[in-house]
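To keep things clear, I will list the structure first and then write my remarks on it.
The values are calculated or read from the model by the stated rules, or taken from the named source; none is laboratory data. These figures come from a predicted structure and were not determined experimentally. For neighbour counting, all protein chains shown are included, and Cβ atoms are generated from backbone atoms with ideal geometry for every residue, glycine included. We work out accessible area using only protein heavy atoms, side chains counted, and drop any ligands, DNA or RNA first. Shrake-Rupley method; radii C 1.70, N 1.55, O 1.52, S 1.80 Å.
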There are 2 protein chains.
Amino acid sequence: MRFIDACNRRPVDKTPVWFMRQAGRSLPEYRRLRESNDILQAIKNPEIAYEITMQPVRRHKVDAAILFSDIIVPLAALDPTMTIVPGKGPVISKPFRSSSDLSRLRQLEPTEDIPYVIETVKELAKSPVPLIGFAGAPFTLASYLIEGGPSRDHRNTKALMAQDPVLFEKLLDILAGITLTFLKTQIDAGAQAIQLFDSWVGTLSEYHYRKHILRTTQAILGAIEVPTIHYSLGTSHLLSAIVETQPSVLSLDWRVPLLRTRSDFGDRFAIQGNLDPTILLAPSQIINKEVNRTLEEAGTAPGYIFNLGHGVLPETDPQVLTNIVEWVHEYGLSGDSLSGDSLSGESSSPVPSGCSDGS
Amino acid sequence: MRFIDACNRRPVDKTPVWFMRQAGRSLPEYRRLRESNDILQAIKNPEIAYEITMQPVRRHKVDAAILFSDIIVPLAALDPTMTIVPGKGPVISKPFRSSSDLSRLRQLEPTEDIPYVIETVKELAKSPVPLIGFAGAPFTLASYLIEGGPSRDHRNTKALMAQDPVLFEKLLDILAGITLTFLKTQIDAGAQAIQLFDSWVGTLSEYHYRKHILRTTQAILGAIEVPTIHYSLGTSHLLSAIVETQPSVLSLDWRVPLLRTRSDFGDRFAIQGNLDPTILLAPSQIINKEVNRTLEEAGTAPGYIFNLGHGVLPETDPQVLTNIVEWVHEYGLSGDSLSGDSLSGESSSPVPSGCSDGS
């Protein structure tokens, strides 16, 4: 399986590719299935969750499926006031702000709290395409609990971390237990790799990341026996600390230069990324150029997985995604033949002219 | 004036210090003045704006005043549907999304559009404390116009940039004209330095920053004859491009290591920053440690201004700010004497124990 081989930095026949949020609102077949189910209902229904997970695999021929779930699923299973508001994200009616709130959390009992996850993963594991399980990392989960809703700067989370480091550490430890159980549950049911979403940790300085976060993330990734992908957003300033968490794969966003990271860390980690998802809304000529630029920066050494730097935006034309998969498979390992002038030629255009405009 | 001297990398008697959003909700005297005025009303009233600007100067003895204004003031003067919603930020009822929206903008006519800014600055210029004028940089203004409200990832702005680079460039050029006029108006009225807030540019890769943004920002800063401060948030990955905008002062957030930046760029730019404002909500012992760590990293070479990495949070105890000013003045140039063990001693505590808890 080329996705797993790439995670392990083994040579592959073609560059593997998948997209964060490939199962989602960019697909009409997804929107149809979601019409009469809110997202948590869909996740809790193994038939629907299976179908949604497989939709992008069938349509785009991506090299990995990612479980249709959400990073707040284990928290929502423990605290029913946590929900996902459409267009807004995770919301909790009473945010976590004091030590008394700790009693609202306990460790996860997978067979009782999330039986639907086990059932969905078991079914998905029968498919020949590798399945990626995932979970939110403790800081990111903590930020949803503490902010109570979406936040641009995670100020309440950082304030609590500064105000009461002891309470914050207790909260992170509880969340680390939940995260690890959630991941192991998926692995036991058949997930062949996992991605840990430490989406919001980029708001911290390296000093505070090392002081409050690194140890916990290290412990989680160190306890996992399948390939692990560490995902974060806006963390170019944390990279030298994040590598100490020792994932199999570092997933980068568009702000971290792929070329330099591959050259600095490519002999220790596979690299995944890093196209800006907003680029997929551009005219085909611009998408082509950016996909080729990404492949060139990635180079041809083993240990690279093509992906975006964040999730597929709902407005994305799904045909653009299908074309990119084809293109990356065809030209991902062809070295520097994609550069510069060849872009106008048909043979180096991942997205045929016009198709990103919905035609 | 030690603030202006530091901007120009000249030796100073004491490390200058001011705080972004020093005039604001952390001060009870500000909250009283704002009780019966929304923020734009307060900005439009020169007496109130003068008073609010001077409040933190009187209370904290900071080394610079910053005009009480908002980066959307020139846009709100041109488009009355742009407002500031308390607790949310700038909102525009009909976001900018197409070329027809360009007609909703025109260049600023200062004496007609913003006479109150001229009047307020003229009064403030009579005070002995240097006055900093400011404006939003074009990308950041564009993001408010295009998103229509607060955004975590500025996706609509980046999508428009990708979809229609020609339209985006036209918009940026118009905004650059507005920004430059807004800054020059403040300088002509007596502002002795300016800060350009390119707050949201950290969402871009270096490639796209260089392609779409750098030239415009360079042109604005190049046309200003007083000391210029470039402010941005989360831009450690853009630093080598941002320095090409040639400000007098680079204002950093807490994610950019002060020590390394001072050593890499300290002979070309003064540096301002970079304490995380959420730290000011912590117990005094932690504030002390972080202030001292910041001063140590900054070192004693000329060209350093103590500040936060983002604005003062409304929940901040104002006495903490007053104490920090005193502390930075007393110990900012004392070299490495602040390190490690001395923190427990009285003489190295910017914030006396307990006072950050409101006591």
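General observations
- Sole residue being within 18 Å of the chain's Cα centre (by Cα) and closer than 23 Å to A:H310 by Cβ, chosen from A:A64, A:A76: A:A64
- Looking only at segment B:275-322, residues that are over 19 Å from the mean Cα position of the chain (by Cα) and facing another protein chain (nearest Cβ under 8 Å) come to 5 in all.
- Among residues of segment B:151-165 that are within 23 Å of B:V85 (Cβ to Cβ), those with a beta-carbon under 7 Å from a residue that is aromatic (F, W, Y) at least six positions away or on a different chain give the pairs B:H154/B:W200; B:L160/B:F168.
- Segment B:133-153, residues that are out of contact with any Pro (no Cβ under 9 Å at 6 or more places or on another chain) and either closer than 22 Å to B:A191 by Cβ or surrounded by 22 or more Cβ atoms within 10 Å (Cβ to Cβ) (or both): B:G133, B:F134, B:A137, B:P138, B:F139, B:T140, B:A142, B:S143
- Selected residue (only one of A:V62, A:V12 is within 25 Å of A:E225 (Cα to Cα), hydrophobic (A, V, I, L, M, F, W, C), open to solvent by less than 20 Å² (accessible area, probe 1.4 Å) and touching a helix residue (DSSP H, G or I) at 6+ places or on another chain (Cβ under 7 Å)): A:V62
- Index of the failed condition, A:G266 passing every other in (1) away from chain B (no Cβ under 13 Å); (2) free of Cβ contacts under 8 Å to residues at least 12 places away in the same chain: (2)
- Some residue of segment B:129-149 being of a type in the set (G, A, S), out of contact with any Leu (no Cβ under 6 Å at 6 or more places or on another chain) and more than 14 Å from chain A (Cβ to nearest Cβ): yes
- Selection within segment B:291-310 - open to solvent by 10 Å² or more (accessible area, probe 1.4 Å) and part of a loop (DSSP other than H, G, I, E, B): B:G299, B:T300, B:A301, B:P302, B:H310
Results for (1) over 18 Å from A:L333 (Cα atoms); (2) among the hydroxyl-bearing types (S, T, Y); (3) touching a His at 6+ places or on another chain (Cβ under 6 Å), shown as yes or no for each residue.
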| residue | (1), (2), (3) |
| --- | --- |
| A:L252 | yes, no, no |
| A:S263 | no, yes, no |
| A:G266 | no, no, no |
| A:L275 | no, no, no |
| A:A282 | yes, no, no |
| A:E290 | no, no, no |
| A:T294 | no, yes, no |
| A:A298 | no, no, no |
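- Filtered by the rule that a residue be in a loop (DSSP other than H, G, I, E, B) and open to solvent by less than 20 Å² (accessible area, probe 1.4 Å), segment B:113-126 gives a lone residue, B:I114.
- Checked against (1) open to solvent by 30 Å² or more (accessible area, probe 1.4 Å); (2) within 21 Å of the chain's Cα centre (by Cα), B:T81 meets all criteria but (2).
- From the options A:D101, A:D113, A:D63, A:D79, residue that is among the acidic types (D, E) and closer than 30 Å to A:T322 by Cα: A:D63
- Only a single criterion out of (1) in a helix (DSSP H, G or I); (2) under 20 Å from B:G87 (Cα atoms) is not satisfied by A:P90, namely (1).
- Filtered residues of segment B:183-209 (kept if more than 12 Å from B:H237 (Cβ to Cβ) and within 14 Å of chain A (Cβ to nearest Cβ)): B:S199, B:W200
- Residue match in segment B:154-166 (condition: surrounded by fewer than 19 Cβ atoms within 10 Å (Cβ to Cβ) and within 30 Å of B:P56 (Cα to Cα)): no
- Single residue of B:V249, B:V226 found to be of a type in the set (A, V, I, L, M), more than 14 Å from chain A (Cβ to nearest Cβ) and more than 29 Å from B:D113 (Cα to Cα): B:V249
- Output for segment B:15-45, where each listed residue is of a type outside the set (A, V, I, L, M) and open to solvent by less than 30 Å² (accessible area, probe 1.4 Å): B:T15, B:P16, B:W18, B:F19, B:Q22, B:G24, B:S26, B:Y30
- Members of segment B:123-159 that are modelled with pLDDT of 95 or more and among the basic types (K, R): B:K126
- Filter result for A:L214 (closer than 26 Å to B:T294 by Cβ and away from chain B (no Cβ under 14 Å)): yes
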